[in-house]
Amino acid sequence: MPSPLRFETRAIHDGQAPDPTTGAVIPPIYQTSTYVQQAPGEHRGYDYSRTANPTRTALEQALASLEEAEYGLAFASGMAAITAVALLLSPGDHVVAPDDVYGGTHRLFVRVLQRYGIEATFVDMRQVPAVERAVRERTRLLFLETPTNPYLRILDIARLAEVGHAVGALVAVDNTFATPYGQQPLRLGADLVVHSTTKYLGGHSDVVGGAVLTARPDLYERLKFLQNAAGAVPGPLDCWLVLRGLRTLAVRMERHAHNAARVAQFLLEDPRVSRVFYPGLADHPGHELAARQMRCFGGMVSFVVRGGGADARRVATRTKLFLLAESLGGVESLIDHPASMTHASVAGTPLAVEEGLLRLSVGLEHADDLIADLEQALQP
């Protein structure tokens with residue numbers, strides 16, 4: 001049964017009860033690898049920290065609550081979480097994914113999984129008929145990003161879930177950009193939600209982690225086995241840092257979205273910019289769909305510098321507040337040149353990102369200061 005508590009309350013309390021031994025308000029970091037057993041095979045639910053750790057349990061419970069899932073599993077990175085989902089597949093199975101999926105996800109599907117007989121097709125998943133044409137008899141996974149990375153396209157989760165389920169495929173949604181505050185894919189029919197907890201959930205650019213959430217006990221049992229068997233688990237300090245981030249997720253996302261909207265509007269009106277991608281803009285092709293399936297439009301903005309790659313690279317090196325770095329979702333603003341950074345692995349493929357594109361992770365600084373920074377960086 002869904003909790004009667006609001007999101008903001010659950011983010012602070014679920015999975016995070018005060019320590020029963022000391023009364024500490026903040027749950028402790030269980031920095032241990034192993035646990036005393038009362039007799040061989042008899043323990044208090046924990047025997048070895050690859051299998052389970054109390055700090056990780058707290059994080060998994062908190063994440064499940066925020067995604068309104070029954071089960072949560074934490075991993076050592078977002079890619080470890082996606083890999084666990086991919087390990088649900090068998091040789092001969094087929095995956096459909098967006099044609100502007102994150103470069104690391106594309107690399108996993110093409111350069112790793114194909115070696116084990118798993119094929120992937122990349123299509124414009126905004127076009128549901130294109131997805132219907134792409135599915136095959138052995139399609140077993142529809143892997144969605146929405147908003148996508150880096151073009152911030154919006155996919156119709158509910159309709160794509162129907163397409164996937166009609167052919168017996170699982171539907172997984174990478175919810176990293178939107179966060180569970182902005183969007184809850186399980187409510188819209190998805191079977192699995194994945195996150196890079198490195199990003200908004202941690203929120204402070206000081207931890208690497210991932211997570212998978214589901215409401216299905218059968219998927220949880222299979223993924224729990226894979227989590228333990230493959231061993232790509234986060235340490236207790238990493239889990240504690242993400243728990244800390246969750247407590248302020250709601251207020252941070254509101255500020256991220258407010259600042260991103262201001263920045264996107266500035267860029268839209270700037271003659272030195274040819275295109276702006278932000279689902280909160282009224283002229284964004286996915287604006288109406290985003291307004292229906294998202295609580296807020298998020299903190300990511302992408303834009304194309306008029307003049308192409310050379311000008312984009314110059315802008316990326318001239319910002320002062322927007323730090324030139326990979327990743328996203330921290331309190332500080334970042335600027336990224338996807339073609340040479342986060343999406344360099346798809347260079348020379350049909351998924352290559354145009355050289356003039358820059359991606360912004362809009363942080364929590366004052367919006368006027370961020371706009372001024374972009375204004376000076378765009379100067380010829």
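Some points to look at:
- For region 285-309, the set of residues classified as in contact with a strand residue (DSSP E or B) (Cβ under 8 Å, 6 or more places away or on another chain) and either without any contact (Cβ under 8 Å) to a residue 12 or more places away in the chain or surrounded by 22 or more Cβ atoms within 10 Å (Cβ to Cβ) (or both) consists of G299, M300, V301, S302, F303, V305, listed by residue number.
- Residues that are more than 20 Å from T342 (Cβ to Cβ), polar (S, T, N, Q) and surrounded by fewer than 20 Cβ atoms within 10 Å (Cβ to Cβ) do not occur anywhere in region 135-149.
- Any hit, region 22-33, residues being assigned to a loop (DSSP other than H, G, I, E, B), surrounded by 12 or more Cβ atoms within 10 Å (Cβ to Cβ) and on the phi > 0 side of the Ramachandran plot: no
- First in region 150-162 and within 25 Å of I335 (Cβ to Cβ), second anywhere and at pLDDT 95 or above and assigned to a helix (DSSP H, G or I), Cβ under 8 Å, 6 or more apart: I154/H287; I154/L289; I154/A290; I154/Q293
- Among the candidates Y220, Y151, the residue that is part of a loop (DSSP other than H, G, I, E, B) and of a type in the set (F, W, Y) is uniquely Y151.
- Where a residue in region 114-126 is closer than 16 Å to N149 by Cβ and of a type in the set (D, E, K, R) and its partner, wherever it lies, is assigned to a strand (DSSP E or B) and modelled with pLDDT of 95 or more, with Cβ under 8 Å and at least six apart: D124/P98
- The residues on offer are Q61, Q31, and the sole one that is more than 30 Å from D191 (Cβ to Cβ) and either aromatic (F, W, Y) or in the same structural domain as P185 (by TED's automatic domain parsing) (or both) is Q31.
- Test: residue in region 43-61 that is β-branched (V, I, T) and assigned to a loop (DSSP other than H, G, I, E, B): yes
- Taken as a whole, the structure leaves Y102 outside the set of residues that are aromatic (F, W, Y), surrounded by fewer than 18 Cβ atoms within 10 Å (Cβ to Cβ) and touching a residue at least 24 places away in the same chain (Cβ under 8 Å).
- Of the residues in region 261-276, at least one is without any contact (Cβ under 8 Å) to a residue 40 or more places away in the chain and closer than 30 Å to R6 by Cα.
- Some residue of region 109-129 being touching a Lys or Arg at 6+ places or on another chain (Cβ under 6 Å) and either hydroxyl-bearing (S, T, Y) or closer than 20 Å to F297 by Cα (or both): yes
- Region 93-136 - residue that is within 20 Å of the chain's Cα centre (by Cα) and acidic (D, E) and, of those, modelled with the highest pLDDT: D124
- Residues in region 73-107 that are among the small types (G, A, S) and in a helix (DSSP H, G or I): G78, A80, A81, A84, A86, G103, G104.
- Residue match in region 202-211 (condition: buried (at least 17 other Cβ atoms within 10 Å of the Cβ), in contact with a Phe, Trp or Tyr (Cβ under 6 Å, 6 or more places away or on another chain), closer than 26 Å to V353 by Cβ and polar (S, T, N, Q)): no
- Of residues in region 176-201 being out of contact with any Asp or Glu (no Cβ under 9 Å at 6 or more places or on another chain) and assigned to a helix (DSSP H, G or I), the one surrounded by the most Cβ atoms within 10 Å (Cβ to Cβ): T179
- Top-ranked residue of region 337-380 - restricted to ones that are under 24 Å from the mean Cα position of the chain (by Cα) and of a type in the set (S, T, N, Q), ranked as farthest from M253 (Cα to Cα): T349
- Counting only residues that are in contact with a His (Cβ under 9 Å, 6 or more places away or on another chain) and among the hydrophobic types (A, V, I, L, M, F, W, C), region 1-48 holds 2 of them.
- Number of the exception - V110 against (1) among the β-branched types (V, I, T); (2) in a strand (DSSP E or B); (3) surrounded by fewer than 20 Cβ atoms within 10 Å (Cβ to Cβ): (2)
- A single member of T198, T214, T139 is in contact (Cβ under 8 Å) with a residue 40 or more places away in the chain, assigned by TED's automatic domain parsing to the domain that holds R56 and within 14 Å of the chain's Cα centre (by Cα), and it is T198.
The values are calculated or read from the model by the stated rules, or taken from the named source; none is laboratory data. The structure displayed is predicted, hence computed values, not measured ones. With ideal geometry, Cβ positions are generated from the backbone for all residues, glycine too; neighbour counts draw on all protein chains shown.
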